[in-house]
Amino acid sequence: MTLRLASAGESHGPALVAILTGLPAGLELDRDAIDADLRRRQEGYGRSPRQQIEQDRIEVLAGLRHGRTLGTPLALVVANRDHRNWTWGMSPWPPEGEPAGKGTKRVTLPRPGHADLAGVQKYDHDDVRNALERASARHTAVHVAAGAVAKALLATIGIEVRGEPLDEELLRARVDAARAERDTAGGVVEVRATGVPPGLGTYAAKEDRLDARLAAALMGIQAVKGVEIGDGFALAALRGSEAHDEIAPDRRRISNRAGGIEAGVSNGEEIVVRAAMKPLPTLMKPLRSVDLDTGEPASALVERSDVAAVEALAVVAEAAVAWELAVLALDKFGGDAVRDFVAAHRAYVERIEWR
Ligand code: EPS
């Protein structure tokens, strides 16, 4: 069974949910480890006051008994604490009583850089909020929870995944400078995965290449505008003799410019990927836009938001990479039970004599 994830949830709706299918039975999950990742995602430098409202915690509704997966769909929930301020505005059913709290007024001033304008055009909405709520990066919380589950599975075969912002100090200085000018900032994050054996992904079909899968997963995260594998764009300027990773007698590589992936297949070296995040589009000094009701020029919507979410992106990107590696590891090693998965991995690495 292929590992799959479906998620749902609006930023200020009642909750975020994810259903994970295809997980083997017998995987031990650590609630504290999942909550620690949720906290890491919230703690990043430059986040909005919203993060003081939310205290993300994982809830499991199905698929787990006494801390171990059952091999049945795993249902995860992360509540939106802020919903209590939006119960009228984000009520799933027609709200009762007088409008109260947040989200009661229609939004008609689309923000450049957000889903607002294309969202109302595409879905025939008359309120930008109907587009922005799901486009919000809030729902990355439940994907981080899913990533923590994927990391637990990968740990059983010795794979570890870690995301970090590049140039942390410089990033913080840039965030401070942007905040001082009531502006926003972007940045670059890097995710590294160790212990990945050769042979995850395939050159046999372009959509199953490991690099294609990772690029799609990273581009699927809000505000990501660029992805690089290994030395990426810098490789284009090198000669072939400078760019490739020579093979040692033990079949390991002398360098790792390819970021652990050749021809869409892992080569046994560390997987190294980067994602570039654009500056966030909700601006306290708004850009030019249009009022969708009047057609007149207007300033874009201003509402509470983050100055930057690059440190959060590092955690979200880590989860996305872990998820894709878990999908491909399960494709390769299979198993309805974790013990079968681990045994298949062991037999494989012994056959190829990979250490
Ligand atoms: C977001 C806008 C901000 C962020 C939010 C993503 O939300 P709010 O408008 O409620 O302050 O804080 O991210 C989160 C809430 C989160 O938990 O990551 C956006 O427009 O994408």
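A few comments on the model shown:
- Theoretical ellipticity at 222 nm over the chain - DSSP helices of four or more residues, -39500 (n - 2.57) apiece, nearest 500: -9500 deg cm²/dmol
- Relative to the current alpha-carbon distance between W93 and D167, full extension at 0.36 nm per residue lengthens the span by 22.1 nm.
- For the range 15-67, average projected area of the Cα convex hull in nm²: 4.6 nm²
- Multiplying the residue separation of L238 and T72 by 0.36 nm and removing their Cα-Cα distance gives an extension gain of 54.9 nm.
- Full-extension gain in nm, A177 to A135, via 0.36 nm per residue minus C-alpha separation: 12.4 nm
- HN-Hα J in Hz across the range 185-201 - Karplus 6.51, -1.76, 1.60, θ = phi - 60°, x for Gly and Pro: 9, x, x, 10, 10, 10, 10, 10, 10, 9, x, 7, x, x, x, 7, x
- Leading residue at positive end of dipole, the chain (Cβ point charges), from L325, L20, V227: L20
- Share, in percent, of DSSP beta bridges within the chain that are antiparallel, nearest 5: 100 percent
- Set of aspartates and glutamates with alpha-carbon distance to K225 below 15 Å, sequence-local pairs under 8 removed: E190
- Among A215, A237, A177, residue whose mean-square fluctuation peaks in a GNM of the chain (springs only between Cα atoms under 10 Å): A237
- The chain - charge dipole about Cα centre, Lys and Arg +1 at Cβ, Asp and Glu -1, debye rounded to 20: 200 debye
- Within a Gaussian network of the chain (alpha carbon springs, distance under 10 Å), most fluctuating of I159, I229, I53: I53
- For the residues D306, D116, D250, a 1.4 Å probe over the protein chains yields an accessible-area ranking, largest first, of D250, D306, D116.
- Amide hydrogen neighbours beyond the local backbone of A25, cut-off 5 Å, H modeled: G71, A337, V338
- Site pair D331 and V290 shows an inter-label distance of 4.2 nm when each label is modelled 7 Å from Cα along Cα→Cβ.
- Selection from T140, G158, A178 lying farthest towards where the dipole of the range 134-180 points positive, charges on Cβ: T140
- Applying both filters, DSSP loop and at most 11 other Cβ atoms within 10 Å, to the trypsin sites (Lys or Arg not before Pro) of the range 19-116 gives K105.
- Exposure rank, largest accessible area first [E160, E318; 1.4 Å]: E160, E318
- Nearest-ten-degree value, helix 140-155 long axis tilted from longest Cα axis of the chain: 10 degrees
- Applying 1/(1 + (r/R0)^6) with R0 = 25 Å to the Cβ-Cβ distance of I352 and E160 gives a FRET efficiency near 0.80.
- Distance from the alpha carbon centroid of the range 94-138 to that of the range 153-191 works out to 29 angstrom.
- Shape of the range 41-147, Cα gyration tensor, a/c cut at 1.5: prolate
- Size of electric dipole in the range 24-125: Cβ of Lys, Arg +1 and of Asp, Glu -1, about Cα centre, debye, nearest 20: 220 debye
- Of the GluC sites (Glu not before Pro) in the range 1-104, the ones in a loop by DSSP (not H, G, I, E or B) with at most 14 other beta carbons within 10 Å are E96.
- Since only V316, Q121, T72 are under comparison, the one whose Cα sits farthest along the positive direction of the charge dipole of the chain, derived from C-beta charges on Lys, Arg, Asp and Glu, is T72.
- Counting only alpha carbon atoms, the long axis of helix 168-180 and the longest principal axis of the chain meet at about 10°.
- Ordered by solvent-accessible area of protein heavy atoms (1.4 Å probe), largest first, the residues D176, D82 come out as D176, D82.
- A Förster distance of 45 Å, applied to the separation of the beta-carbon atoms of Y203 and S299, puts the FRET efficiency at 0.35.
- For the range 251-296 and the range 1-76, distance of Cα centres in Å: 23 Å
- Overall form of the range 1-97 per C-alpha gyration tensor (a/c, 1.5; a/b vs b/c): oblate
- Global form of the range 141-232, assessed from the alpha-carbon gyration tensor, a/c cut-off 1.5: prolate
- Size of charge dipole - the range 293-355 - debye, nearest 20, with Cβ of Lys, Arg +1 and Asp, Glu -1, no other charges: 560 debye
The values are calculated or read from the model by the stated rules, or taken from the named source; none is laboratory data. Just so it is clear, the model here is predicted, and its values are computed rather than measured. All Cβ positions, glycine included, derive from the backbone under ideal geometry; neighbour counts span all protein chains shown. Surface accessibility is based on the protein's heavy atoms, side chains included, excluding ligands, DNA and RNA. Shrake-Rupley method; radii C 1.70, N 1.55, O 1.52, S 1.80 Å.
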